[in-house]
Amino acid sequence: MAKDVLCEVNNCKYWATGNKCWADSIYVVSHKGKQASTMEETDCKTFEPKL
């Protein structure tokens, strides 16, 4: 399991100083249910916009 999760999406509610993600868990999926072969074919479903 990853020790640190880095994120540059600073408009996400889980983003913290130093590009750290403080979500309890991370959920990543491939586009349209297809098997991903590149990082561009994946999405972070943990994202929630800051309010």
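Quick notes
- Cβ pairs under 7 Å, 6+ apart, first in the range 9-21 and β-branched (V, I, T), second in a loop (DSSP other than H, G, I, E, B): V9/F47
- Condition met for K32 (in a helix (DSSP H, G or I) and either among the basic types (K, R) or over 14 Å from the mean Cα position of the chain (by Cα) (or both)): yes
- Against the list (1) without any contact (Cβ under 8 Å) to a residue 24 or more places away in the chain; (2) within 8 Å of the chain's Cα centre (by Cα), the condition T46 fails is (1).
Each reported figure results from applying straightforward, stated rules to the coordinates on display, with no laboratory input. Everything numeric in this text was worked out from a predicted model, so none of it was measured. Don't worry about glycine lacking a Cβ; one is built from the backbone with ideal geometry, like all the others, and counts go over all protein chains shown.
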